[in-house]
């Protein structure tokens with residue numbers, strides 16, 4: 001029998017007047033996992049996090065944390081702590097005083113505070129920074145102070161609201177690894193809100209994708225990326241080439257489909273699927289060549305419309321007729337050989353049928 005979840009969200013709704021911010025959300029978050037709430041701006045993810053923290057009250061439904069109903073429980077009485085997007089580090093206090101603040105206001109004995117501050121700073125690798133002020137720290141260091149201050153009270157759940165959005169790209173990537181390390185070391189549940197797909201995919205054990213106040217799909221990163229359950233998830237998680245299609249019937253190997261720009265094809269799929277569908281293929285699954293490919297592949301002739309160079313890889317945009325635009329990712333494998341492709345070149349784009357994702361919603 002699996003352990004009971006640390007957080008249970010049961011049909012939670014949150015309204016702000018006529019605005020339905022969270023719409024009947026139910027989910028279970030496991031103990032000691034790093035869980036991400038992912039979605040576009042305005043989808044309800046931060047509102048849901050604030051309901052978990054107790055800063056907002058649910059209009060309907062229940063929140064249980066470690067089996068206890070949180071109805072009427074004040075934020076400071078909940079077994080959670082929160083790290084905000086702005087870090088909310090006190091500028092007039094030293095690093096040590098910032099970290100110790102929560103213990104002092106809760107009446108922790110003075111003899112206990114010093115060792116716990118030292119442990120918390122060691123946890124976030126800020127030993128030796130005790131006397132510095134926030135203005136003497138980098139953005140990443142200020143974020144570590146906020147993390148230490150949140151963790152020093154030993155919450156059962158740490159809630160993080162876009163904690164890396166204020167950092168530059170390189171530092172953000174470093175801090176993603178640090179947060180994963182920290183979560184594994186302290187062994188508590190982290191719930192992180194983000195709009196950054198790469199951030200969620202690289203950090204989380206599981207991700208819930210939200211849109212318009214609802215959860216569309218909850219799954220581990222690999223499953224979410226390779227097996228999205230609807231067009232919105234497929235389009236929001238990474239990049240995808242999406243072709244509208246319709247089911248023609250059952251074939252020898254799966255479903256017979258007619259897809260815009262692809263003609264008729266047969267894909268493995270649910271025999272119960274019917275009507276309008278979407279057919280998606282990720283850009284890294286698409287290959288490009290000057291010659292027509294052989295074998296059991298889906299192939300389209302086209303012309304290179306645009307090239308975008310990103311150092312380790314390039315995006316190639318191919319116009320394949322009738323307004324159809326195919327995106328292909330190419331790895332730049334050699335620094336000695338120039339890319340032989342150029343805008344205006346004729347080419348073929350192709351991929352294996354097994355790399356198609358069939359979307360029925």
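Relative to the first principal axis of the alpha-carbon coordinates of the chain, what is the inclination of helix 110-123, with its axis defined by its Cα atoms, in degrees from 0 to 90 and to the nearest 10?
20 degrees
Taking neighbour counts of Cβ atoms within 10 Å as a proxy for exposure, in what order, fewest first, do 253, 125 appear?
Starting with the residue having the fewest Cβ neighbours, the order is 253, 125.
For the chain, what does the helix formula give at 222 nm: sum of -39500 (n - 2.57) over DSSP H segments with n ≥ 4, over the residue count, nearest 500 deg cm²/dmol?
Dividing the helical sum by the residues of the chain leaves -7000 deg cm²/dmol.
When the chain is fully extended, how far beyond the present Cα-Cα distance does residue 290 get from residue 111, taking 0.36 nm per residue of separation?
On the way: separation 179, 0.36 × 179 = 64.44 nm, distance 7.33 nm.
Extending this stretch completely gives an extra 57.1 nm.
Take every Cα pair under 8 Å in region 239-359 that's 6+ residues apart, average their separations, divide by the length, and report that relative contact order as a whole percent.
Taking the mean separation of contacting Cα pairs over the length of region 239-359, I get 28 percent.
Mind checking the full-extension length gain between residue 138 and residue 331? Use 0.36 nm per residue of separation minus the Cα-Cα distance, one decimal, nm.
Result for the pair: 66.1 nm of gain on full extension.
Ratio of alpha-carbon Rg to the 2.2 N^0.38 Å globular estimate for region 31-155, to two decimals, please.
Working: Rg = 16.1 Å, N = 125, 2.2 N^0.38 = 13.8 Å.
Working it through for region 31-155, the quotient is 1.17.
Looking at the chain, I'd like the Rg to Rh ratio, where Rg is from alpha-carbon atoms and Rh is Kirkwood's inverse mean 1/r.
Using only Cα positions, Rg/Rh for the chain is 1.06.
For an R0 of 41 angstrom, estimate the FRET efficiency from the Cβ-Cβ distance between residue 345 and residue 246 and round to the nearest 0.05.
Once rounded, the FRET efficiency stands at 0.80.
At 7 Å along Cα-to-Cβ for each site, give me the label-to-label distance between residue 177 and residue 354 in nm.
With each label point 7 Å from Cα toward Cβ, the separation is 3.3 nm.
Rank-order 274-280, 135-141, 203-209 by packing density, defined as the average count of other C-beta atoms within 10 Å over each peptide's residues, highest first.
Peptide ranking by packing, descending: 203-209, 274-280, 135-141.
Rounding to the nearest 10 and keeping the result within 0 to 90°, find how far the Cα-based axis of helix 95-105 lies from the longest principal axis of the chain.
Helix 95-105 sits at roughly 70 degrees to that axis.
Scale the Cα Rg of region 239-359 by the rule-of-thumb value 2.2 N^0.38 Å and send over the ratio, two decimals.
Compactness ratio reported: 1.13.
Any chance you could check the Cα centroid distance between region 211-289 and region 62-88 for me, in angstrom?
38 Å
For the chain, find the longest principal axis of its Cα atoms and tell me its angle to the long axis of helix 169-186, 0 to 90°, nearest 10.
Here the helix axis deviates by roughly 60 degrees.
Just for the chain, what percent of DSSP beta bridges are antiparallel, to the closest 5?
75 percent
Considering the chain as a Gaussian network with a 10 Å cut-off on Cα pairs, which listed residue, 161, 119, 296, attains the greatest mean-square fluctuation?
Residue with maximal mean-square fluctuation among 161, 119, 296: 296.
Read-outs throughout are calculated quantities, based only on the coordinates presented, and are distinct from any laboratory measurement. Since the model is a prediction, treat every value here as computed from it, not as a measurement. FYI the Cβ positions are ideal-geometry reconstructions off the backbone, even for glycines, and counts take in every protein chain you see.
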